[in-house]
Amino acid sequence: MKLHLHDTLTREKRTFVPLDPNNVRMYVCGPTVYDFAHIGNARPVIVFDVLFRLLRHLYGADHVTYVRNITDVDDKINDRAARDFPGLPLNEAIRKVTEKTEKQFHEDVDALGCLRPTVEPRATEHIVEMRAIIEKLVAGGFAYVAEDHVLFSPQAMNAANSVLPRYGALANRSLDEMIAGARVDVAPYKRDATDFVLWKPSKPGEPSWPSPAGIKVEGRPGWHIECSAMAWKHLGEQFDIHGGGIDLVFPHHENELAQSCCAFHEGRMANIWMHNGFLQVEGEKMSKSLGNFVTIRELLGGWQGYGWPGEALRLNMLRTHYRQPIDWTLEGLDEAHKTLWTWYEGLASVEPLSELPADIVASLCDDLNTPQMIAAMHGLHRSGKKRELRAALRLLGFSGDRNKIGRVAVATGTSDGVSTARASSGAIEAADVEKLIADRQAARARKDFKESDRIRDELAAMGVVIKDSKEGTTWEVAR
Ligand code: AMP
Ligand code: ZN
C-alpha cells in the first residue's frame, strides 16, 4: 500500500518513497528538558509515534530508525538550575535538572502509549559534530566569525549558485521580506539582520566547550545547529522525514535545513517535512508562556491522586487530524475515554487478526488520517468485528484492555486555569481500591500519616469512601 504524506516544503501531499527501504529514517525535534511537558508538547510525540508504528508496519520493525533528540543545553535549563539548586555549581545543578526532567518526560510519554525512539541523542554529547559542521560552513563561505561568535549568513546561501535550496523556501518567505521585517536592535556583530548564531561565547560559570573556527574563548552552540548535528550523526547527510510542531518551521527548521544543505552541498536535508498543528485552549495555543497549560502529569493523575488513563489522552489527540488545530476540552477527553471503555468490552481475551482490514491501513496511509480510521473502528465495533478492532487498536498503540483504563473517579481540581475535573464513568476496579487500602494501612503502621492521608484523599477522589473500625477498613463507592 502506498503511503502519502503532506510535505511542508512543497506544500503538497506526496507519495512517500524511502531513500533506503531497508532503513527508513525519521528525525523529530524533542523536548528541552527543564520542566514537566504539557499536553501540547505531547501532540508531536503521539503523532510521530503513530507514524513510527505505521512505518514499522509497512517496512518491518527492524527497518525504521526513529531519532528524537533531547535538548540539554539551553538558557531555560540554566535559569531553572540556578533557581532550584542555588548552592550547587551551575554545571552540577544543570545535570540534576536535565536528568530529572528527562526521566519525567519518559514516564509521561510511556503512559501515553508511545514507543521509545530508536535513538534519543543528547545535544551535549554531539558537540564534536556541531563543531565539524560549523567548520564546513565557515570554509564554504556560508558562515563567519565575529566577536567570538560564529554566524550563518542566509544572504551567502542565496547568493551561491548551486544545488542549494533557497533560504526561506520551507517557511515560504522571501529573504527580502525577512530583512524588511527584521528588528531594529540587531546585535552589532551581525553583518546582516537575518544572520543567525551557530556558536556563541559562554558566560562565566555556564556550560562551555572549546570553540570552532579558531575562536580562543570557550563557547556553546546555538539551538539550530544541535539538530543538524544529531540528525547527521544518526541518520546521515540526507534522510526521509523530519518532523515537529508547526511553530518549529521558522526559524528552527528553516535554519537546520540551511545549515545541513550548505555544509554537505546537498539540495535536501529531509525528503519530507511534517508539522503537527497546535493544541489549543479556547482558541489559543497551549504554551508555558501564556500560562494556559496543563501538564501530562497532572492529567495522568500523579498529582492529588486522580487522573485520566494515558490511552484516553492518546485517543482524544488522534480524533483530530494531526495538521488541524485541536481544542483540548474535558468533554472531548471524557468522550474518548467512554469510547475506549465501550470498545474494550470483552476485547482483552480476543486474539487480534493478523491481517489488518485494508480500509484501516488505507486511512493511515492517507497522510495519517486518524479521524477516518477511528470512524472505521466505530464501524468494526458496531458490526461486532472484535478481532479486526483489536488489530486496529494495536496498530494505533492501544491496549484493548479495560484493566488498563479502569482508573476512574469523581474529582475536581484546578491547575493554572485549566480545570481537570472529570466525570464518573463507573469503572472503579476493586483490586485498585484494595491495593490502596493496603498501602494506607502500611503507611499508618509506620506512622507515615502524611502518606496515609494522601491515599485517603486519592480514594476520595476516586469516589471511594472508607470507614475504619476495630475489624478493619471497609469501603464503598459514593454515588
Ligand atoms: P518546546 O518545548 O516548546 O520546544 O516544544 C516541544 C515540541 O512540542 C515541539 O515540537 C513543539 O512544536 C511542540 N509544541 C509545543 N506547544 C505545542 C502546542 N500547543 N500544540 C502542539 N505542539 C506543540
Ligand atoms: Zn530540532
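The values are calculated or read from the model by the stated rules, or taken from the named source; none is laboratory data. Just so it is clear, the structure is predicted and the values come from calculations on it, not from any experiment. When we count neighbours, we look across all protein chains shown, and the Cβ atoms used for this are built from the backbone with ideal geometry, even at glycine. Ligands, DNA and RNA are stripped out before the accessible areas are found, and what is left, the full protein with its side chains, is counted by its heavy atoms. Shrake-Rupley method; radii C 1.70, N 1.55, O 1.52, S 1.80 Å.
What to note about this one:
- Output for the stretch 19-42, where each listed residue is more than 16 Å from ligand 2 (Cβ to nearest atom), in contact with a strand residue (DSSP E or B) (Cβ under 7 Å, 6 or more places away or on another chain) and open to solvent by less than 20 Å² (accessible area, probe 1.4 Å): V24, H38, I39, G40
- Test for L290: is it within 27 Å of D108 (Cα to Cα), of a type in the set (A, V, I, L, M) and open to solvent by 60 Å² or more (accessible area, probe 1.4 Å): yes
- A93 free of Cβ contacts under 8 Å to residues at least 40 places away in the same chain, away from ligand 1 (no atom under 16 Å from the Cβ), buried (at least 17 other Cβ atoms within 10 Å of the Cβ) and of a type in the set (A, V, I, L, M, F, W, C): yes
- Some residue of the stretch 324-332 being touching a residue at least 12 places away in the same chain (Cβ under 8 Å), crowded, with 20+ Cβ neighbours inside 10 Å and out of contact with any Leu (no Cβ under 6 Å at 6 or more places or on another chain): no
- Restricting attention to the stretch 127-151, the residues being buried (at least 17 other Cβ atoms within 10 Å of the Cβ) and more than 15 Å from H265 (Cβ to Cβ) number 11.
- The stretch 346-372, subset free of Cβ contacts under 8 Å to residues at least 24 places away in the same chain and not in a loop (DSSP other than H, G, I, E, B), residue least open to solvent (accessible area, probe 1.4 Å): S363
- Any pair with Cβ under 6 angstrom, 6 or more apart, that starts in the stretch 252-271 at a residue that is assigned by TED's automatic domain parsing to the domain that holds A156 and assigned to a helix (DSSP H, G or I) and ends at one that is within 16 Å of ligand 2 (Cβ to nearest atom) and aromatic (F, W, Y): N255/F196
- Of all the criteria given as (1) under 30 Å from N316 (Cα atoms); (2) surrounded by 14 or more Cβ atoms within 10 Å (Cβ to Cβ), the one not satisfied by D110 is (2).
- Residue in the stretch 309-318 that is modelled with pLDDT under 95, open to solvent by 30 Å² or more (accessible area, probe 1.4 Å) and either assigned to a helix (DSSP H, G or I) or within 23 Å of V433 (Cβ to Cβ) (or both) present: no
- Test result for L300, away from ligand 1 (no atom under 16 Å from the Cβ) and surrounded by fewer than 23 Cβ atoms within 10 Å (Cβ to Cβ): yes
- R56 being in a helix (DSSP H, G or I) and of a type outside the set (G, A, S): yes
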